[in-house]
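Structure first, commentary second.
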Amino acid sequence: EDKVVQSPLSLVVHEGDTVTLNCSYEVTNFRSLLWYKQEKKAPTFLFMLTSSGIEKKSGRLSSILDKKELFSILNITATQTGDSAIYLCAVTRYGGSQGNLIFGKGTKLSVKP
Amino acid sequence: DTGVSQDPRHKITKRGQNVTFRCDPISEHNRLYWYRQTLGQGPEFLTYFQNEAQLEKSRLLSDRFSAERPKGSFSTLEIQRTEQGDSAMYLCASSHGQGFSNEKLFFGSGTQLSVL
């Protein structure tokens, strides 16, 4: 059965800390991995990763994929209270509908001032 | 606002009643998706449309659920004879493009359904 496992499930840090969120997956015919940020209701897109070893970067956020070991990490440096959210990891498969994302349970990040 | 919009934002209903939700995708997006999310879980795929054609349905979508996208624009999701287990956030998303762009979904803020 296809699955996506995120760890930790929750994390509390202080402003300025650096955090690493983990996502491992077992999926048939892997196609891509996506990271989303969910603050209140609507998940918002962060990154899409399709190739191993190529870091995607946006401001203080960065992510990388390891297709051999079947995992991805999301790094947030110099955290701010506005980074508090649930971070969702999802994968897609070849052969499925391309919008059929398989999500993990998410990591709830709380950044304290 | 040109994002994905959903209506209503909240719906409280009694068990056994029918409910209908609406989703307006980003106007140039030809694909539309429905997901369901319960507390502490990630979103789960329910169904998707390419233009007006419903191309895939999850096993989660029981016979009590029906979705339509009559003119390839907005979509409705109806749940008949609601059960308490239907209580969840119902998220709509849309996407456009070829290849990997189709997987970059833009989500709405969802409809929170509570079945009493």
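Mind listing the long-range amide H neighbours of B:Asn30? Cut-off is under 5 Å, sequence gap 5 or more, other chains count too, H placed in the peptide plane at 1.01 Å from N.
Amide H neighbours of B:Asn30, under 5 Å, 5+ apart: B:Ser95, B:Gly97.
Equivalent ellipsoid semi-axes for chain B, as square roots of 5 times the alpha carbon gyration tensor eigenvalues: give them largest first, rounded to whole Å.
23, 14, 13
Could you give the dipole magnitude of chain A about its Cα centre, charging the beta-carbon of Lys and Arg +1 and that of Asp and Glu -1, in debye to the nearest 20?
Here chain A has a charge dipole of around 240 debye.
Have a look at A:Phe45, A:Phe71, A:Phe103 and tell me which one the Gaussian network model of chain A (Cα, springs below 10 Å) gives the largest fluctuation.
Looking only at A:Phe45, A:Phe71, A:Phe103, the largest GNM fluctuation is found for A:Phe45.
Can you compute the charge dipole magnitude of the stretch B:22-86 about its Cα centre, using +1 on each Lys and Arg Cβ and -1 on each Asp and Glu Cβ, nothing else charged? Give it in debye, rounded to the nearest 20.
That gives the stretch B:22-86 a dipole magnitude of about 40 debye.
What is the count of Lys pairs in the stretch A:1-92 whose alpha carbons sit under 17 Å apart, if the two are 8 or more places apart or on different chains?
Here the count comes out as 5.
Can you give me the distance in nm between label points at A:Thr81 and A:Glu26, each placed 7 Å from the Cα along the Cα-to-Cβ direction?
It is 4.2 nm.
In vacuo Debye scattering of the stretch B:1-65, one point per C-alpha: log10 I(q)/I(0) at q = 0.23, 0.25 Å⁻¹?
For the stretch B:1-65, the Cα-only Debye profile gives -1.29, -1.38.
Among A:Asn29, A:Gln80, A:Ala42, whose Cα sits farthest toward the positive end of the charge dipole of the stretch A:17-82 (+1 at Cβ of Lys/Arg, -1 at Cβ of Asp/Glu, about the Cα centre)?
About the Cα centre, the residue reaching furthest to the positive side is A:Ala42.
If we count trypsin sites (Lys or Arg not before Pro) as exposed when they sit in a DSSP loop and have at most 15 other beta carbons within 10 Å, what is the longest stretch of chain A that avoids them all?
In short, A:69-113.
If I model a spin label at B:Glu52 and A:Lys40 as a point 7 Å from the Cα along the Cα→Cβ vector, what separation in nanometres do I get?
3.6 nm
Positive end of the charge dipole of the protein assembly as shown (Lys, Arg +1 and Asp, Glu -1 on Cβ, about the Cα centre): tell me which of A:Leu101, B:Gly16, B:Gly99 has its Cα farthest that way.
My answer, from the dipole projection, is B:Gly16.
Counting other Cβ atoms within 10 Å of each Cβ, which GluC sites (Glu not before Pro) in the stretch A:1-48 have at most 10 and sit in a DSSP loop?
A:Glu1
Taking each pair of different alpha-carbon atoms in the stretch A:1-64 once, compute 1/r for the pair, average those values, and report the inverse of that mean as the Kirkwood hydrodynamic radius in Å to one decimal.
For the stretch A:1-64, the Kirkwood estimate is 13.7 Å.
Mind telling me which of A:Asp83, A:Asp66, A:Asp17 comes out most flexible in a GNM of chain A, alpha-carbon contacts under 10 Å?
Taking springs between Cα atoms under 10 Å, the residue moving most is A:Asp17.
Post the alpha-carbon centroid distance, the stretch A:14-52 to the stretch B:39-116, in whole angstrom.
The stretch A:14-52 and the stretch B:39-116 have Cα centres separated by 21 Å.
Normalise the Debye intensity by I(0) for chain A, one equal point scatterer per Cα, no solvent, then take log10 at q = 0.10, 0.14 Å⁻¹ and round to two decimals.
Results for chain A at q = 0.10, 0.14 Å⁻¹ read -0.27, -0.52.
Residue by residue through A:33-45, how many Cβ atoms from other chains fall within 10 Å of the Cβ on average?
5
Please report, in debye to the nearest 20, how large the charge dipole of the protein assembly as shown is about its Cα centre when each Lys and Arg carries +1 at its beta carbon and each Asp and Glu carries -1 there.
260 debye
Evaluate Rg over Rh across the protein assembly as shown, taking Cα atoms for both radii and Kirkwood's formula for Rh.
0.97
Every number in this text was worked out from the coordinates using simple rules, so none of it is lab data. It should be emphasised that the depicted structure is a prediction, and the values quoted were computed from it without experimental measurement. Ideal geometry is used to build each Cβ from the backbone, glycine not excepted, and the neighbour counts take in all protein chains shown.
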